[in-house]
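Quick notes on the structure that follows.
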Amino acid sequence: MEIQAITNSSIVHKQVFEGHSHAKQDREQDTITISYPATEVVGHGSFGVVFTTQVRETGDRVAIKKVLQDRRFKNRELEVMKQLQHPQVVDLKYYFYETDPQGEVYLNLILEFMPQSLYQRLRHFVSQRSNMPRIEIKLYMYQLAKCLNYLHKHAAVCHRDIKPQNLLVDPETYALKLCDFGSAKQLKPSEPNVSYICSRYYRAPELIFGATNYTVQIDIWSSGCVMAELILGQPMFPGESGIDQLVEIIKILGTPTKQEICSMNPNYMEHKFPQIRPIPLAKVFKREDQETIQLLSDVLRYNPTERFTALQCLCSPYFDELRSTTDPELASVVSNLRLMEFCDEYEFDTLTPEEAKVIKQRLQPS
Ligand SMILES: Nc1ncnc2c1ncn2[C@@H]1O[C@H](COP(=O)(O)OP(=O)(O)OP(=O)(O)O)[C@@H](O)[C@H]1O
Ligand SMILES: [Mg+2]
């Protein structure tokens, strides 16, 4: 009903807050007015509707995500998005609240628009019975690692729902940006967190084991599942239920060792698991090169502390092709996306000066 009302009117005028104001409270912040024409729905999520339009004052194409706001709680998605500014994070431009005739309050997030999700992009290749080009996968995975390094290290935020539907891409420039911070949270080592988060195929094994002391490394596991899916054209661990998800993982990675189980959730140490031998990833990904297999095996590790961090992923030889390309077309994509540019202030700020020096050297184009 509400959407209908908006779609039928030609131009909407809204008083909005800016997405990254320094004011701590909405009421301390000035609003500005923007206007935009009626709009088309581009996405339905479990929490709301997403539509797209163009802001007349700036000419920016935007997506408006409208979510029902529970008055009793602060909206964590808004709080997190206000803090985040990175080329690989969908930018929060403005937001505003709206009350419907029943008195329900809706929060509208006005976001930078992206043409499609990585899920849609992959379906495009699958429907043509072809594969996503390897270099396209590499460009997306590099940007995802850059994004997660920023998120995990600078902002200490865990996204908790990394999956192809929440990664937005522009297939013309190969830009990738993370969206949907509806499950995101700043994890504190002293506080437990719910384990029933993240979408099934992408859930790290420690979540399946019910751990509540998990870390940002759960996002790394999910990103490994995304990489595998882009290569295979289908999910790598397509579990049909919560526990079946673990079976799918064990079928490929083999039964976790006692030590690995302890690293995920010590309460399962005495549990008897059927002993399954791992299938070498080189057999699962028969046509991939050694660098690809190596990164996948460094990321899809049971033990979260042994699993690569986002920064370790960026340093992986798998991405050397982007650093050392002599192909002018690829070089231009890399340069337009500014993939080799890093910001000391928000990408290396948790490293010592010595560490930063070594890492920067490694990440430099050769
Ligand atoms: N900035 C954007 N530009 C273009 N499309 C977008 C944008 N943000 C979201 N969408 C589309 O809308 C869909 C739903 O958005 P989002 O994931 O933020 O909502 P959600 O309700 O939290 O979803 P879910 O819980 O199902 O993951 C996305 O998968 C994407 O297709
Ligand atoms: Mg989503």
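The values are calculated or read from the model by the stated rules, or taken from the named source; none is laboratory data. Quick caveat, the model's predicted, so the values are computed rather than measured. Cβ sites come from the backbone with ideal geometry, for glycine too, and all protein chains shown count toward neighbours.
General observations
Table: residues versus (1) surrounded by 14 or more Cβ atoms within 10 Å (Cβ to Cβ); (2) at pLDDT 95 or above; (3) in contact with a Phe, Trp or Tyr (Cβ under 6 Å, 6 or more places away or on another chain).
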{"position": "Thr212", "(1), (2), (3)": "no, yes, no"}
{"position": "Thr215", "(1), (2), (3)": "yes, yes, no"}
{"position": "Ser222", "(1), (2), (3)": "yes, yes, yes"}
{"position": "Pro235", "(1), (2), (3)": "yes, yes, yes"}
{"position": "Gly254", "(1), (2), (3)": "yes, yes, no"}
{"position": "Met264", "(1), (2), (3)": "yes, yes, yes"}
{"position": "Asp289", "(1), (2), (3)": "no, yes, no"}
{"position": "Phe308", "(1), (2), (3)": "yes, yes, no"}
{"position": "Pro328", "(1), (2), (3)": "no, yes, no"}
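- Qualifying residue in segment 94-106 (condition: within 15 Å of ligand 2 (Cβ to nearest atom), closer than 15 Å to Phe181 by Cβ and either β-branched (Val, Ile, Thr) or crowded, with 16+ Cβ neighbours inside 10 Å (or both)): no
- Residue list for segment 90-123, restricted to those being in a strand (DSSP E or B), within 28 Å of Pro171 (Cβ to Cβ) and polar (S, T, N, Q): Asn108, Gln116, Ser117
- Only one of the numbered conditions (1) more than 30 Å from Ser335 (Cβ to Cβ); (2) within 12 Å of ligand 1 (Cβ to nearest atom) is not met by Ser117, and that is (1).
- At least 3 residues being surrounded by 11 or more Cβ atoms within 10 Å (Cβ to Cβ) and within 11 Å of ligand 1 (Cβ to nearest atom) is the threshold, and among the strands (runs of 3 or more DSSP E) wholly inside segment 14-62 those reaching it are 40-44, 48-54.
- The residues of segment 158-192 that are surrounded by fewer than 23 Cβ atoms within 10 Å (Cβ to Cβ), within 16 Å of ligand 2 (Cβ to nearest atom) and assigned to a strand (DSSP E or B), listed by number, are Lys177, Lys185.
- Residue satisfying condition, being within 16 Å of ligand 1 (Cβ to nearest atom) and over 22 Å from Gln116 (Cβ atoms), within set Ile197, Ile208: Ile197
- If you go through segment 153-194 and pick out every residue that is out of contact with any Leu (no Cβ under 8 Å at 6 or more places or on another chain) and either polar (S, T, N, Q) or more than 28 Å from Pro115 (Cα to Cα) (or both), you end up with 9.
- Number of positions in segment 304-358 that are under 20 Å from Pro87 (Cα atoms) and either in a helix (DSSP H, G or I) or of a type in the set (Ser, Thr, Tyr) (or both): 21
- From the options Leu139, Leu187, Leu144, Leu151, residue that is in contact with a His (Cβ under 7 Å, 6 or more places away or on another chain) and among the hydrophobic types (A, V, I, L, M, F, W, C): Leu151
- Here Leu151 fulfils each of the conditions (1) away from ligand 1 (no atom under 16 Å from the Cβ); (2) over 23 Å from Gly43 (Cα atoms) apart from (1).
- Close pairs (9 angstrom Cβ cut-off, 6 or more residues apart or separate chains): without any contact (Cβ under 8 Å) to a residue 60 or more places away in the chain in segment 168-192, buried (at least 20 other Cβ atoms within 10 Å of the Cβ) and aromatic (Phe, Trp, Tyr) anywhere: Val169/Tyr140; Leu187/Tyr214
- Residues of segment 253-277 classified as over 16 Å from Ile208 (Cβ atoms) and under 30 Å from the mean Cα position of the chain (by Cα), total: 2
- Residue that is more than 14 Å from the chain's Cα centre (by Cα), away from ligand 2 (no atom under 16 Å from the Cβ) and basic (Lys, Arg), where the choices are Arg134, Arg121: Arg134
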